[in-house]
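In what follows, a single structure is set out as structure tokens and then discussed.
Taken together, the values in this text are just the output of simple stated rules run on the coordinates, not laboratory data. These numbers come from a predicted model, not from an experiment. Please note: Cβ atoms are built from the backbone with ideal geometry, for glycine as well, and neighbour counts cover all protein chains shown.
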Amino acid sequence: MRETVRGWVGEARHIAVLTGAGMSAESGVPTFRDAQTGLWAQFNPQDLATETAFRAHPQRVWDWYAHRREMIAGLQPNAGHVALAAFTVRHPGRLTLITQNVDGLHQRAGSDDTLALHGNLAEDRWLDMPRACCQAETIETGHPPRCPVCGNLRRPAVVWFGEHLPAAALEAAELAARNCELMLVVGTSGEVYPAAGLALTAHQCGARVVIVNPEATPLDGVAELCLREPAALCLPWLLA
Ligand code: OAD
């Protein structure tokens, strides 16, 4: 099966790769929905990943993200991240990398053009529309940091449940899904939309869809092949 997919990688004029938390699992980043080890097995996303939760408990939510930010800063991209970045260097313009991950590991591996659909954990932004007083130089440190004049809070620059995805990244991802000949869907449970819908779009537009995931997912039905392997092992081989 691997050989077949490697052949498809070699043939495809345009490849789209959609990654999820499993992509970074071998770097040591916890996934969300894996039983026991997944973050959403330990925490309720409604308490941590919504604007309502942040407004109700800003310190709790800020500290949770700050802890993840620090943990990820100490981790490294794995062989799968590196293989994707190396492929784009060898084949400029042939691969569009779309990620749901906020860990920045694709970017740190060298995939500068990664379409980060769910934002970036390393960055933060104003919670409410910034006023003239909301200036970077005067931000008051705290949990979360705030504008000393109007009290506007800084929040993690990630997409929370119920929020829109960054429009430009989503548009570019949809274009890639419509135009690719091969889509690799790596390390995602395929449960969160609109990201998961990109695999359906690719399939409807005639692309071959290949899943790389040790477990079954709801997207397997549109896949031509499912490689039940971990990403850091499989991708370097497929993209060599
Ligand atoms: P999930 O935690 O839902 O799914 C992770 C998937 O990775 C599962 O299907 C695992 O089987 C698979 N997996 C685990 N280890 C793997 C490995 N070594 N190689 C390949 N696959 C592996 O994570 P996502 O699908 O990314 O939203 O979740 C989607 C979104 O839900 C996330 O972006 C996040 C979360 O709430 C935001 O942060 C906005």
Can you sort 111, 24, 189 from fewest to most other Cβ atoms within 10 Å of each residue's own Cβ?
189, 111, 24
Over region 1-82, what number does the Rg to Rh ratio reach, with both radii from the alpha-carbon atoms and Rh per Kirkwood?
1.13
Please get the size of the charge dipole for region 138-240, origin at its Cα centre, with Cβ charges of +1 on Lys and Arg and -1 on Asp and Glu, quoted in debye to the nearest 20.
320 debye
Quote to one decimal, in nm, the extra length available between residue 204 and residue 42 on full extension: 0.36 nm per residue of separation minus the C-alpha distance between them.
54.7 nm
What 222 nm value per residue comes from the helices of the chain, counting each DSSP H run with n ≥ 4 as -39,500 (n - 2.57) and dividing by all residues, nearest 500 deg cm²/dmol?
-10000 deg cm²/dmol
In debye, nearest 20: dipole of region 45-140 around its Cα centre with unit charges on the Cβ of K, R (+) and D, E (-)?
340 debye
What relative contact order, as a whole-number percentage, does region 10-124 give when Cα pairs under 8 Å and 6 or more residues apart are counted?
29 percent
Can you pull the one-decimal nm distance between simple spin-label points at residue 220 and residue 172, each 7 Å off the Cα toward Cβ?
3.3 nm
Could you state the principal axis extents of the C-alpha atoms in region 105-240, from the largest down, to the nearest angstrom?
57, 29, 24
Based on the alpha-carbon gyration tensor of the chain, what equivalent-ellipsoid semi-axes (square roots of 5 times the eigenvalues) come out, in whole Å, largest first?
34, 18, 17
Kirkwood-type radius of region 1-48, with distances r between different C-alpha atoms, in Å:
13.3 Å
For region 66-112, what's the relative contact order in percent, using C-alpha pairs closer than 8 Å and at least 6 residues apart?
49 percent
Could you compute how fast region 52-172 diffuses translationally, taking Rh as the Kirkwood radius over C-alpha pairs and applying Stokes-Einstein at 37 °C with viscosity 0.692 mPa s? Give it in µm² per second.
205 µm²/s
Can you give me the distance in nm between label points at residue 11 and residue 179, each placed 7 Å from the Cα along the Cα-to-Cβ direction?
2.2 nm
